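Let me begin by presenting the structure, written as structure tokens, before commenting on it.
The values are calculated or read from the model by the stated rules, or taken from the named source; none is laboratory data. Predicted model, so just to flag it, every value in this text is computed and none were measured. All Cβ positions, glycine included, derive from the backbone under ideal geometry; neighbour counts span all protein chains shown. Just so you know, the surface numbers come from the protein's heavy atoms only, side chains and all, with ligands and any DNA or RNA stripped out. Shrake-Rupley method; radii C 1.70, N 1.55, O 1.52, S 1.80 Å.
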Amino acid sequence: TKRQQMIRKITREFSEEYIAPVAEESDQTSQLDPKVFEMMKKMKYFGTCIPKEYGGAGLQDDTISFCIATEEIGRIDASWSITTGVHCSVCAYPIYIFGTDDQKDRFLVDLATGEKLGAFALTEANAGSDAGGVQLTAVKDGDEYILNGSKIFATNGGIAETLLVVTTTGQKGRRKELTIFIVDTNTPGYSVGIREDKLGVRASNTSELVFQDVRVPEENILGRLGQGFRLSMQILDYGRILMAAQCVGLGQACLEASIKYANERVQFGQKIGRFQGIQWKIADMATAVESSRLLTYKAAYKCDIGEDYGHAGAMAKLVASEASMQAAHDAVQIHGGYGLMKAYDVERYFRDAKMAEIYEGTSEIQRYVIANHLLRKGG
Ligand code: CAA
């Protein structure tokens with residue numbers, strides 16, 4: 001639509017003008033640039049999928065636009081697209097969809113305007129791919145719950161002020177009963193543990209979160225008591241569409257860098273783009289990125305028209321993350337020795353791309369989700 005084209009144009013211009021000049025430095029210092037942060041607030045990138053009445057950009061029914069914005073940010077710096085993508089898709093949006101009016105009033109405005117950063121705290125040392133294995137406990141005490149345990153690998157974790165924390169509140173047959181709480185990180189007993197030193201998306205904050213007798217009021221339960229596993233799966237279904245969009249942007253960046261280099265670099269008396277070995281890499285890269293884009297928009301579209309989109313999002317995330325990894329691999333190869341050097345963006349793209357095959361569900365988990373859907377529902 002015209003609006004979607006406009007969002008692409010505005011976000012591309014913004015990302016090129018403000019994020020690109022500091023992307024390399026952010027990667028090297030492992031810090032998000034505070035000036036970019038402020039500008040992103042003004043541009044409403046922290047509330048893309050939240051209604052205007054809560055201070056967001058009002059694109060809650062246009063996930064394709066949300067994907068396009070995420071894609072354009074990811075084309076320049078994956079650390080930023082994961083920061084805003086996670087904040088919006090697996091923290092702010094679930095509060096908008098599953099939260100009570102009171103929870104929206106208390107938490108959503110600050111998230112949508114970027115005054116507070118959000119994170120989704122699911123993963124633990126013993127609960128990675130096995131999301132149902134959460135050990136962090138929430139024990140009822142009067143009209144409060146007391147949280148004890150720790151989370152790891154939480155994107156935005158160390159700098160977030162609003163968390164969705166997946167806890168165990170009991171046992172249901174063979175399974176643990178899980179419940180999600182909205183936690184304000186200023187609550188006594190909460191602290192940030194280790195900040196991870198990662199291979200890629202280095203400026204994005206990934207941290208351990210520690211809960212020692214953290215008291216959370218009952219009214220901060222997201223959804224209902226015991227609904228936490230199902231809600232987590234639904235939250236991840238949506239988040240994966242945005243992860244896919246981020247990979248489309250990164251794959252596109254690899255493609256553009258490769259085309260530029262192949263049109264400039266001369267070896268054996270001609271531009272290397274004239275060699276078939278390079279041409280085929282570029283052709284495959286372009287085809288894979290475009291396929292990823294279409295799968296991503298399809299999953300977003302299914303979400304917007306109210307269809308079941310879990311397996312479509314998993315397909316998009318699987319294909320887009322593997323395509324961007326392959327694109328980054330080929331982009332470095334096309335750049336030869338220069339591709340290994342920090343002076344060239346493709347070196348960063350290569351490190352950033354690997355992350356996407358792992359977070360918000362590994363490629364193996366996406367295949368499980370897709371196969372499960374097909375086998376249970378018959379395709
Ligand atoms: N929506 C609604 N319900 C769902 C669902 C979905 N998407 N997926 C499963 N369920 C339901 C099932 O229907 C089933 O219900 P019944 O018991 O009534 O039949 C129940 O939940 C259990 O489902 P499964 O048997 O499929 O559950 P499982 O334990 O075998 O595993 C899994 C499911 C897909 C492997 C899940 O554990 C999973 O997604 N794992 C990956 C977790 C993940 O992505 N982690 C990364 C977190 S992101 C992060 O950490 C970084 C960050 O900061 C954002």
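Assorted remarks:
- Here the Kirkwood formula puts the hydrodynamic radius of region 1-148 at 16.7 Å, using every distinct Cα pair.
- Only protein atoms count toward the accessible area here, which uses a 1.4 Å probe; on region 48-120, the carbon and sulfur part of that area reaches 45 percent.
- Accessible area per residue for region 42-162, computed on protein heavy atoms with a 1.4 Å probe, is 32 Å².
- The Cα atoms of region 11-76 define a convex hull whose projected area, averaged across directions, is 4.4 nm².
- Region 211-260 - percent of accessible surface contributed by carbon and sulfur, probe 1.4 Å: 49
- Measuring with a 1.4 angstrom probe and ignoring ligands and nucleic acids, Phe275 comes out at about 70 Å² accessible.
- Most mobile of Ser30, Ser150, Ser81 in a GNM of the chain (Cα contacts under 10 Å): Ser30
- Summed residue charge, Cβ within 11 Å of Glu71's Cβ, Lys/Arg positive, Asp/Glu negative: +3
- Helix 78-87 and the longest principal axis of the Cα set of the chain meet at an angle near 30°.
- Computed Rg/Rh of the chain, alpha carbon atoms with Kirkwood Rh: 0.99
- For Val22, net neighbour charge (Lys/Arg +1, Asp/Glu -1) across residues whose Cβ lies under 10 Å away: -4
- Solvent accessible area, Å² - Tyr368, 1.4 Å probe, full protein context: 140
- Highest mean first, the peptides 196-203, 235-242 sorted by other C-beta atoms within 10 Å per residue fall in the order 235-242, 196-203.
- Heavy-atom accessible area ranking, 1.4 Å probe, most first, across Thr185, Thr100, Thr179: Thr100, Thr185, Thr179
- The calculated pair-distance distribution of region 164-259 uses every alpha carbon pair, bins of 10 angstrom beginning at 0, and gives 13, 29, 33, 17, 7, 1 percent.
- The fraction of accessible area contributed by carbon and sulfur in region 270-310 is 55 percent, rounded to a whole number (1.4 Å probe; ligands and nucleic acids excluded).
- Computed over region 261-338, the P(r) tail beyond 16 angstrom holds 58 percent of alpha carbon pairs.
- Taking Lys and Arg as +1 and Asp and Glu as -1, the other residues whose beta-carbon sits under 15 Å from that of Tyr190 total -2.
- The Rg/Rh ratio for region 1-40 is 1.10, where Rg is the radius of gyration of the alpha carbons and Rh is the Kirkwood radius.
- Heavy-atom accessible area, probed at 1.4 angstrom with all protein chains present, ranks Asp141, Asp105, Asp184 as Asp105, Asp141, Asp184, highest first.
- Rounded to the nearest 10 degrees, the inclination of helix 228-264 to the longest alpha-carbon principal axis of the chain is 20 degrees.
- For region 269-356, the set of GluC sites (Glu not before Pro) satisfying both a DSSP loop assignment and a count of at most 14 other C-beta atoms within 10 Å is given as Glu307.
- Computed about the Cα centre, the dipole magnitude for region 33-148 is approximately 340 debye when only Lys and Arg (+1) and Asp and Glu (-1) carry charge, each at its Cβ.
- Principal-axis analysis of the Cα atoms of the chain puts helix 2-14 at an angle of about 80° to the longest axis.
- Computed over region 44-130, Kirkwood Rh from alpha-carbon pairs, angstrom: 13.2
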